[in-house]
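Below: the structure, in structure tokens.
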Amino acid sequence: MKETKLGDFEEVILLLVGILDKEAYAFRIAEEFESQTKRAVSIGAVHSTLNRLGEKGFLTSAMGGATAERGGRRKRIYQITAAGQRALEESKDFKMSLWNQFPAFAGNLKFKF
């Protein structure tokens, strides 16, 4: 059976793919991860996570055009699928439910997106 849940790192990578849109290629995703989290990440970890998300059906990829900045090499551009969007929505809803149940935030403070 194919795993349909997201791990924390997978969730962040999937969100970054959505944020970067047409610039969502592995090296750029790694740069954005480090910028957003202030934590280092290996390109290998990003590649293996992108592959795993693709196997789960949460991402698709296609080769982009060659660029002079990359010496004529092409980039693999990633895009979130409908299943990936659903997985992100379910993850967000679950986490918001937990946050809203946390006594320190219960009462007047409700998280909504």
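The values are calculated or read from the model by the stated rules, or taken from the named source; none is laboratory data. Nothing here was measured: the structure is a model prediction, and the numbers come from that model. Positions of Cβ are backbone-derived with ideal geometry, glycine not excepted, and every protein chain shown enters the neighbour counts.
Considering every residue within segment 62-74, establish whether at least one is touching a strand residue (DSSP E or B) at 6+ places or on another chain (Cβ under 7 Å) and either charged (D, E, K, R) or closer than 17 Å to residue 6 by Cα (or both).
Yes, some residue in segment 62-74 is touching a strand residue (DSSP E or B) at 6+ places or on another chain (Cβ under 7 Å) and either charged (D, E, K, R) or closer than 17 Å to residue 6 by Cα (or both).
Of all residues in segment 21-61, how many are among the hydrophobic types (A, V, I, L, M, F, W, C), assigned to a helix (DSSP H, G or I), farther than 19 Å from residue 6 by Cα and modelled with pLDDT of 95 or more?
Qualifying residue count for the region: 1.
Scan segment 37-57 for residues that are under 25 Å from residue 83 (Cα atoms) and among the basic types (Lys, Arg) and jot them down.
Residues satisfying the conditions are 52, 56.
Kindly list the number of the only condition in (1) in contact with an Asp or Glu (Cβ under 9 Å, 6 or more places away or on another chain); (2) at pLDDT 95 or above; (3) surrounded by 13 or more Cβ atoms within 10 Å (Cβ to Cβ) that fails for residue 6.
Single failed check for residue 6: (2).
Step by step: first the residues of segment 17-49, then only those that are out of contact with any Phe, Trp or Tyr (no Cβ under 6 Å at 6 or more places or on another chain), within 23 Å of residue 90 (Cα to Cα) and not polar (S, T, N, Q), then the one that is surrounded by the most Cβ atoms within 10 Å (Cβ to Cβ). Which residue is that?
29
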